[in-house]
Amino acid sequence: MYFVCSSLTWYTKRLAHCEQRDLKALSEKVKWILSEAEDLRSKYPDRAQALDDQRVDIEEAWERLQQKTTSKRSNLTQEEQLQKFQDDYRDLL
């Protein structure tokens with residue numbers, strides 16, 4: 001049973017690492033999109049409102065994703081602590 005739990009812990013850590021790497025790439029993409037939106041806004045002032053609306057949508061979606069990621073990370077940390085406690089408990093028996 002210990003091996004399965006350790007494998008699960010390893011897997012969740014690996015998954016979290018991959019998600020963090022993906023978020024970094026997404027962060028760069030969001031920055032690029034927002035920069036492009038600003039360039040387009042200056043080139044097409046008559047479309048400024050539509051571009052601003054889309055920019056706000058992107059920023060809000062990015063913020064929601066970051067909040068969900070933070071929450072998930074917190075949950076993973078709690079799960080790891082629980083797993084460590086259970087492993088220690090099992091070792092004492």
> Looking at segment 47-71, which of its residues are closer than 14 Å to LEU23 by Cβ and touching a residue at least 24 places away in the same chain (Cβ under 8 Å)?
Replying inline: TRP62, LEU65, GLN66, THR69
> Can you pull out the residues in segment 23-66 that are loosely packed, with under 12 Cβ neighbours inside 10 Å and not charged (D, E, K, R)?
Replying inline: ALA25, TRP32, SER35, SER42, TYR44, PRO45, GLN49, VAL56, ALA61
> Within segment 72-93, how many residues turn out to be open to solvent by 100 Å² or more (accessible area, probe 1.4 Å) and either hydrophobic (A, V, I, L, M, F, W, C) or in contact (Cβ under 8 Å) with a residue 24 or more places away in the chain (or both)?
Replying inline: 5
> Name the residues in segment 20-55 that are more than 30 Å from LEU76 (Cα to Cα) and among the hydrophobic types (A, V, I, L, M, F, W, C), would you?
Replying inline: TRP32, ILE33, LEU34, ALA37, LEU40, ALA48, ALA50, LEU51
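The values are calculated or read from the model by the stated rules, or taken from the named source; none is laboratory data. Treat the numbers as computed from the prediction; the structure is a model and nothing was measured. FYI the Cβ positions are ideal-geometry reconstructions off the backbone, even for glycines, and counts take in every protein chain you see. Please note that ligands, DNA and RNA were not included when accessible areas were found on the heavy atoms of the full protein model with its side chains. Shrake-Rupley method; radii C 1.70, N 1.55, O 1.52, S 1.80 Å.
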